[in-house]
């Protein structure tokens, strides 16, 4: 099964402007993400971006980047445009967020292996949800149909940001997705749903249109960078290694 990792990235983040190019250990954050993806078992790694500055920094490091339109409002739409420029379409696409410089190659491989050996339409990862994160709207929660661990995947029932005491099997969602090419093509052709818009969660478009998402478990949540505080924390972690 032909597989590609595609990393969507753009400079328009409101909370932390130009964040893909902010330096961590003397290298832009997007380069750290790209390097982690290159450590996987997957040969094709592409950064999809609407910004020439990101395109240039990836190509200067020997990577592959595709310039996309600037109107995309989520990673999946940007990724699909990039995929459509490829002469040979991948059967499976792994969407690795461009703001997770600490994503482990093993986690990406785990998700890819599951998809390559199953008939799943779409899948993602999650980790343990800490009690202090229950009421944090910046932490995306996923509810699964049954308990998950390192040995099994389960279907996602819902994704949300706001605390809900009635939920069972709650986990901290990790922003990495895998989809069959045909499923991604279907997804981008669908209109944004009410849940997607209200929650600012692109995966709701899939669930609301009966595209099933399977969820696997990883032990460590890879800290993403949304704020200056997140960036400072990751910079300290790099300095400690």
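Quick note: the coordinates plus some simple rules give every number you see, no bench work behind them. Predicted, not measured: the structure shown is a model, and the values here were computed from it. In this analysis, Cβ positions are derived from the backbone assuming ideal geometry, glycine residues included, and neighbour counts consider all displayed protein chains.
Key figures for this structure:
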| quantity | calculated |
| --- | --- |
| Rg to Rh quotient for segment 181-241, alpha carbon positions, Kirkwood Rh | 1.15 |
| Where Rh is the Kirkwood radius over Cα pairs, Rg/Rh for segment 34-152 | 0.98 |
| Alpha-carbon centroid distance for the pair segment 22-43 / segment 74-101, whole angstrom | 16 Å |
| Cα Rg over Rh - segment 1-95, Kirkwood | 0.95 |
| Calculated SAXS-style log₁₀ I(q)/I(0) at q = 0.11, 0.17 Å⁻¹ - segment 111-241, Debye, Cα scatterers | -0.42, -0.96 |
| Exposure proxy order (Cβ contacts within 10 Å, fewest to most) of 32, 169, 71, 25 | 71, 25, 169, 32 |
| Efficiency of FRET from Cβ geometry, residue 69 and residue 163, R₀ 45 Å, rounded to 0.05 | 0.80 |
